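A quick write-up on the structure given underneath.
Only the coordinates and a few stated rules stand behind these numbers; no lab work does. All values reported here derive from a predicted model rather than from experimental measurement. Methodologically, a virtual Cβ is constructed for each residue, glycine included, from the backbone with ideal geometry; neighbour enumeration extends over all protein chains shown.
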């Protein structure tokens with residue numbers, strides 16, 4: 001991730017992702033992204049609805 005900044009505890013936002021792998025997803029797909037892995041929506045044809053579940057260490 002480039003241009004990263006800490007926005008809240010355990011969450012970072014950046015301006016780009018370098019060296020990533022592009023994936024095309026479609027309605028009904030399930031994507032599991034391991035903790036600490038940057039994610040970026042590069043092309044969104046119309047809209048995207050998604051659910052984020054974060055499990056924080058105690």
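Of note:
- The residues listed here are 38, 34; of these, the one that is in contact (Cβ under 8 Å) with a residue 24 or more places away in the chain and either within 12 Å of the chain's Cα centre (by Cα) or outside any loop (DSSP other than H, G, I, E, B) (or both) is 38.
- Subset of region 4-14 (residues that are part of a loop (DSSP other than H, G, I, E, B) and within 12 Å of the chain's Cα centre (by Cα)): 14
- Filtered residues of region 6-32 (kept if surrounded by 10 or more Cβ atoms within 10 Å (Cβ to Cβ) and under 23 Å from residue 46 (Cα atoms)): 13, 14, 15, 16, 17, 20, 25
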